[in-house]
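Peer 1: Below is the structure I would like to discuss, written out as structure tokens.
The values are calculated or read from the model by the stated rules, or taken from the named source; none is laboratory data. Treat the numbers as computed from the prediction; the structure is a model and nothing was measured. Every residue, glycine as well, gets a Cβ built from its backbone with ideal geometry; the counts of neighbours run over all protein chains shown. The accessibility values were calculated without ligands, DNA or RNA, using every heavy atom of the protein model including side chains. Shrake-Rupley method; radii C 1.70, N 1.55, O 1.52, S 1.80 Å.
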Amino acid sequence: MAGVSAAMSAVMNNVAALALLMPIDIQAAKKAKRSAALTLMPLSFASILGGMITLIGTPPNIIIASFREKAVGEPFGMFDFTPVGLVTAFVGIVFIVLLGWRLIPVSEDGKEDEASRFNVEDYVAEVRVGENSTVIGKRVRELDPEAEQDDVAVLGLVRNGKRLPGRARYEEIRQGDLIVIEANADSIDIFVGALKLEYVGSEKYIGHTTEGLSFIEAVVPENSRIEGRSAHGLRLQYRRGVTLLGVSRHGRTFRERVRKLDVRAGDVLLLLGPTEQLEDVVAWLGCLPLQERDLQVVQRHKAGIAVASFSLAIAAATAGLIDLPAALALVCIVMVGFNIVPVKEIYTSIEWPVIVLLGSMLPLGAALEASGGTALIASQIVEVAAGFGPVMVLTLLMIVTMTLSDVLDNAATTVVMAPIGIDIAFSLGVNSDSFLMAIAVAASCAFVTPIGHKNNTLILGPGGYRFGDYWRMGLPLEVIVIVVSIPMILLVWPL
């Protein structure tokens with residue numbers, strides 16, 4: 001899976017590659033009866049490593065190519081990153097597969113604790129007490145035997161839109177109340193059926209039954225439509241006929257009502273709605289389903305057109321017959337022309353936040369350079385490594401860039417560090433290509449935190465990871481990347 005992930009990331013967006021493989025990996029974990037936490041982080045890291053192999057594999061490479069064109073008059077080509085990126089990715093994946101995954105925290109008995117490590121199954125949800133429910137007139141604490149049997153935790157009671165205070169366990173349950181529970185999707189369904197409860201919103205579509213409704217689990221990536229918004233604010237039930245039944249947010253508690261909770265990147269949502277609408281709604285929200293996609297919707301008869309047009313564009317750009325941006329733009333036109341990408345999806349397929357980010361950061365980088373800021377930072381780095389030679393300066397630059405990339409967006413880090421690298425190279429009188437390549441590698445390798453790269457954020461909820469889990473495998477991997485890439489850079493792009 002790591003090898004496939006890296007290979008796909010070399011020719012497509014890292015997040016897209018992870019999005020395609022993550023449901024498959026989770027399904028494989030369930031079939032093997034092991035925690036997906038053991039493989040999701042390796043899968044994410046491998047996709048990040050694979051992005052370093054080509055020009056289009058990751059945004060930092062594209063940005064570095066544009067800075068190189070500005071500095072020396074010619075950008076990096078499609079496969080100029082391949083020698084360094086391929087070797088670094090290969091060694092990194094070997095480490096991940098043989099040793100790295102073992103560094104993911106495990107319980108004392110040496111086995112993965114499913115309850116704490118794979119909390120995609122733990123949802124806080126609300127269910128309604130209907131007129132035929134068997135719990136009417138009972139106190140909340142009297143539900144404990146049934147809840148224990150169904151592996152459900154009863155958290156509280158909502159009445160007239162307000163969460164009742166701490167003594168809610170002694171309250172008598174009335175028709176129309178909402179019971180707040182925590183459980184996995186299957187347990188929620190069993191609990192609801194046993195006590196004749198109702199799913200909130202189910203009556204809106206098909207009366208007071210659940211026939212024709214399905215669950216779907218989906219993870220929230222950065223910049224999705226629902227990130228930072230609530231189901232209530234998005235009017236999800238009214239506009240799309242789907243109810244946000246539960247939210248899983250590993251390691252964080254929340255007191256808000258589920259439908260009024262502001263969703264964050266990395267959350268896992270449990271959605272309930274008409275079966276035929278769920279996949280479209282997940283796509284509309286910009287979320288990624290945590291289940292294997294329905295293979296019947298794949299346009300297999302058009303796969304040859306997609307692969308051939310893309311390969312032809314890459315070959316033509318590599319041969320110098322056409323500029324790469326123009327070649328890929330033509331591929332997009334072919335995709336739309338053959339309805340491989342529907343016209344209505346063109347707008348949503350563009351990563352506008354990345355475009356806005358670059359549009360904002362490029363002038364900022366230019367201002368930093370024009371004001372002498374980059375020269376000042378460059379001189380400080382050279383001064384710190386004075387007496388150790390250009391190789392030590394190059395290594396220090398990679399460490400600084402990696403550290404920034406672990407807390408900032410990798411594209412923003414590249415925009416800030418690229419002019420600094422050029423200034424350092426000029427001040428030392430050495431080849432600027434070496435420093436630009438080092439920044440490209442370092443900016444891509446954000447493995448220590450879940451916020452350094454979108455992929456790391458994406459697996460946070462499904463993998464049940466904590467913030468401090470990433471550095472255990474990520475820090476050694478970053479050290480390996482530096483140790484391997486520096487000699488390769490000096491070999492391919494000598495000082």
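Peer 1: Which cross-chain or sequence-distant (5 or more) residues have an amide H under 5 Å from the amide H of Leu157, H modelled 1.01 Å from N in plane?
Peer 2: Leu164, Val180
Peer 1: Taking 0.36 nm per residue of sequence separation and subtracting the Cα-Cα distance, how much length would be gained by fully extending the chain between Val479 and Val356, in nm to one decimal?
Peer 2: 41.1 nm
Peer 1: Ignoring ligands, DNA and RNA, what accessible area per residue does the chain give at 1.4 Å, in Å²?
Peer 2: Here the per-residue accessible area is 46 Å².
Peer 1: Further question: Does anyone have the angle between helix 275-285 and the longest principal axis of the chain? Alpha-carbon axes, 0 to 90°, nearest 10?
Peer 2: Between the helix axis and the principal axis of the chain, the angle is about 40 degrees.
Peer 1: Any idea how far apart Lys302 and Glu142 come out in nm if each label point goes 7 Å out from Cα toward Cβ?
Peer 2: 5.8 nm
Peer 1: Still on this structure: Taking 8 Å as the Cα distance limit and 6 or more residues as the minimum spacing, I'd like the relative contact order of the chain as a percentage.
Peer 2: Computed over the chain, the figure is 19 percent.
Peer 1: Starting from 0.36 nm per residue, how many nanometres of slack lie between Ala326 and Leu491 once their C-alpha separation is accounted for?
Peer 2: Residue separation times 0.36 nm, minus the Cα-Cα distance, leaves 56.2 nm.
Peer 1: Be a star and scan segment 211-241 for residues whose amide nitrogen sits under 16 Å from the point 7 Å along the Cα-to-Cβ vector of Lys260.
Peer 2: Correct set: 229-236.
Peer 1: Highest mean first, how do 230-238, 481-489, 451-459 rank when packing is the count of other Cβ atoms within 10 Å averaged over residues?
Peer 2: 451-459, 481-489, 230-238
Peer 1: Angle between the Cα long axis of helix 390-405 and the longest principal axis of the chain, 0 to 90 degrees, nearest 10?
Peer 2: The helix 390-405 is inclined about 20 degrees to the chain.
Peer 1: May I ask you to give the percent of accessible area on the chain that is carbon plus sulfur, with a probe radius of 1.4 Å?
Peer 2: Of all accessible area on the chain, carbon and sulfur atoms account for 60 percent.
Peer 1: Starting from the 7 Å offset along Cα-to-Cβ, what nm value, one decimal, do you get for the label separation of Ala28 and Asp189?
Peer 2: 2.5 nm
Peer 1: Calculate the spin-label point distance for Trp471 paired with Asp151, positioning each point 7 Å from the Cα along the beta-carbon direction, and give it in nanometres.
Peer 2: 3.4 nm
Peer 1: By how many degrees, between 0 and 90 and to the nearest 10, does the Cα long axis of helix 14-32 differ from the longest principal axis of the chain?
Peer 2: 50 degrees
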